[in-house]
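Everything below concerns the one structure shown next.
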Amino acid sequence: MEQMIMWTDPVVEEIHQIRQKLLSDVGGDVEALMEKARAHQAAQGEIVIEIRLPPQKASGQD
């Protein structure tokens with residue numbers, strides 16, 4: 001049986017590396033990364049959109 005060799009997309013690999021660098025800059029905290037991105041957008045005068053999800057119901061409540 002022929003062995004399959006997994007192909008790596010260099011663009012996707014670069015995106016993963018950039019994501020890891022950005023996360024390492026904030027100690028791996030995704031919320032801190034998003035706050036940093038929002039602050040950057042606001043400083044640039046860009047539109048900042050915040051999505052607020054409704055609170056989840058506790059299990060067993062309807």
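The values are calculated or read from the model by the stated rules, or taken from the named source; none is laboratory data. Note that the structure is predicted; figures quoted are calculated from it, not measured. Neighbour counts are summed over all protein chains in view; Cβ atoms, including those assigned to glycine, are modelled from backbone coordinates with ideal geometry.
Considering only residues in the range 34-62 that are closer than 21 Å to Leu23 by Cα and among the aliphatic types (A, V, I, L, M), the one that is modelled with the highest pLDDT turns out to be Ala43.
Residues that are touching a residue at least 12 places away in the same chain (Cβ under 8 Å), part of a loop (DSSP other than H, G, I, E, B) and at negative phi do not occur anywhere in the range 1-20.
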